[in-house]
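The structure under discussion appears below in the form of structure tokens.
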Amino acid sequence: DTGVSQNPRHKITKRGQNVTFRCDPISEHNRLYWYRQTLGQGPEFLTYFQNEAQLEKSRLLSDRFSAERPKGSFSTLEIQRTEQGDSAMYLCASSLHGQPQHFGDGTRLSIL
Amino acid sequence: AQTVTQSQPEMSVQEAETVTLSCTYDTSESDYYLFWYKQPPSRQMILVIRQEAYKQQNATENRFSVNFQKAAKSFSLKISDSQLGDAAMYFCAIQGGSEKLVFGKGTKLTVNP
């Protein structure tokens, strides 16, 4: 069990650029979640996959955000035309059905 | 909609003493889970303890225990024999009717030597 892995750890980009983050879940976990955490707040749910199917999306996930999990293993979260308000820590978690979610270290996004 | 409220932004405790962190929640679900997660500075979120709402017995994990009051929708975390390594942000969360976790704003715990 190597844990949930997220890359990159830090991403600095200019406003208007596109960014993509990757999450590798714990290998046997079929559920994968994305959350966003801003300073001084708890994580907020963005979206969730069961295997390759995206089953739930938050209202927070605007049209500029897209997530995929093409083979039911790793997932990518892309943000297009980044804005200042996108600066946050993006957390990935994975789980088995009925079991607690295990989190990765997160990707910190800074928009210049 | 589910909500979680943590009314203590910061708490402090002396090493070896006991501290209780408060959490209240609201949900219309009859079946749900409650969690406490710990997030040390610049480190990943770690599960501390989980409580199933249908279980009346309070969950315990070594020095960590909860006081689950279902009617009052209260879910506090007690840390006994506090250690320096317990210093972190503590988040209360609920999961019910959906796979997503809904978190509170967190309580920053400082442990003084």
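Scan the range B:61-87 for residues that are of a type in the set (S, T, N, Q), farther than 18 Å from residue B:4 by Cβ and within 12 Å of the chain's Cα centre (by Cα) and jot them down. Working first, answer last.
Looking only at the range B:61-87, we keep the residues that are of a type in the set (S, T, N, Q), and these are B:62, B:65, B:67, B:69, B:74, B:76, B:80, B:82-83.
Subset that is farther than 18 Å from residue B:4 by Cβ: B:62, B:65, B:80, B:82-83.
Selection gives B:65 alone.
Would you check if there is a residue in the range A:41-58 being among the charged types (D, E, K, R), free of Cβ contacts under 8 Å to residues at least 12 places away in the same chain, within 14 Å of chain B (Cβ to nearest Cβ) and out of contact with any Gly (no Cβ under 6 Å at 6 or more places or on another chain)?
Yes, there is a match, as at least one residue in the range A:41-58 is among the charged types (D, E, K, R), free of Cβ contacts under 8 Å to residues at least 12 places away in the same chain, within 14 Å of chain B (Cβ to nearest Cβ) and out of contact with any Gly (no Cβ under 6 Å at 6 or more places or on another chain).
Read through the list (1) within 14 Å of chain A (Cβ to nearest Cβ); (2) open to solvent by 10 Å² or more (accessible area, probe 1.4 Å), then give the number of the only condition that residue B:87 fails.
It is condition (1) that residue B:87 fails.
Looking at (1) in contact (Cβ under 8 Å) with a residue 40 or more places away in the chain; (2) open to solvent by less than 10 Å² (accessible area, probe 1.4 Å); (3) away from chain B (no Cβ under 11 Å), which is the one condition that is false for residue A:74?
Among (1) in contact (Cβ under 8 Å) with a residue 40 or more places away in the chain; (2) open to solvent by less than 10 Å² (accessible area, probe 1.4 Å); (3) away from chain B (no Cβ under 11 Å), residue A:74 violates only (2).
Please go through the range A:7-40 and pick out each residue that is assigned to a strand (DSSP E or B) and either open to solvent by 20 Å² or more (accessible area, probe 1.4 Å) or at the interface with chain B (Cβ under 9 Å from one of its Cβ atoms) (or both).
To start, the set of residues in the range A:7-40 that are assigned to a strand (DSSP E or B) comprises A:7, A:10-13, A:19-24, A:31-37.
Passing the criteria: A:7, A:10, A:11, A:12, A:20, A:22, A:24, A:31, A:33, A:35, A:36, A:37.
If you go through the range A:77-99, how many residues are open to solvent by less than 20 Å² (accessible area, probe 1.4 Å) and over 14 Å from residue A:28 (Cβ atoms)? If you could, list the steps in order and put the result at the bottom.
As a first pass, look at the range A:77-99 and keep what is open to solvent by less than 20 Å² (accessible area, probe 1.4 Å): A:77, A:79, A:82, A:86, A:88, A:90-95.
Next, from what is left, pick out any that are over 14 Å from residue A:28 (Cβ atoms): A:77, A:79, A:82, A:86, A:88, A:90-93.
Summing the residues that are open to solvent by less than 20 Å² (accessible area, probe 1.4 Å) and over 14 Å from residue A:28 (Cβ atoms) in the range A:77-99 gives 9.
Do we find a residue being open to solvent by less than 70 Å² (accessible area, probe 1.4 Å) and of a type in the set (Ser, Thr, Tyr) anywhere in the range B:43-66?
Yes, that holds for at least one residue.
Please verify whether residue A:52 is closer than 24 Å to residue A:80 by Cβ and either among the small types (Gly, Ala, Ser) or touching a strand residue (DSSP E or B) at 6+ places or on another chain (Cβ under 8 Å) (or both), treating the condition exactly as stated.
Working: closer than 24 Å to residue A:80 by Cβ: yes; either among the small types (Gly, Ala, Ser) or touching a strand residue (DSSP E or B) at 6+ places or on another chain (Cβ under 8 Å) (or both): no.
Against the criterion (closer than 24 Å to residue A:80 by Cβ and either among the small types (Gly, Ala, Ser) or touching a strand residue (DSSP E or B) at 6+ places or on another chain (Cβ under 8 Å) (or both)), residue A:52 does not qualify.
For every residue, the table says whether it meets (1) among the small types (Gly, Ala, Ser); (2) not in a strand (DSSP E or B).
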residue	(1), (2)
B:4	no, no
B:7	yes, yes
B:42	yes, yes
B:49	no, no
B:57	no, yes
B:67	no, no
B:82	yes, yes
B:93	yes, no
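Can you tell me which residue among B:27, B:20 is over 15 Å from residue B:106 (Cβ atoms), open to solvent by less than 70 Å² (accessible area, probe 1.4 Å), in contact with a Gly (Cβ under 9 Å, 6 or more places away or on another chain) and away from chain A (no Cβ under 11 Å)? Spell out how you get there, then give the answer.
Details: B:20 fails: in contact with a Gly (Cβ under 9 Å, 6 or more places away or on another chain).
It is B:27.
Consider residue B:105 against the criteria (1) in a loop (DSSP other than H, G, I, E, B); (2) within 11 Å of chain A (Cβ to nearest Cβ); (3) open to solvent by less than 60 Å² (accessible area, probe 1.4 Å): it satisfies all of them except one. Which criterion is unmet?
(3)
The values are calculated or read from the model by the stated rules, or taken from the named source; none is laboratory data. What you see is a predicted model; the values in this text were computed from it and never measured. Neighbour counts are summed over all protein chains in view; Cβ atoms, including those assigned to glycine, are modelled from backbone coordinates with ideal geometry. What goes into the accessible areas is simple: the full protein's heavy atoms, side chains included, and nothing from ligands, DNA or RNA. Shrake-Rupley method; radii C 1.70, N 1.55, O 1.52, S 1.80 Å.
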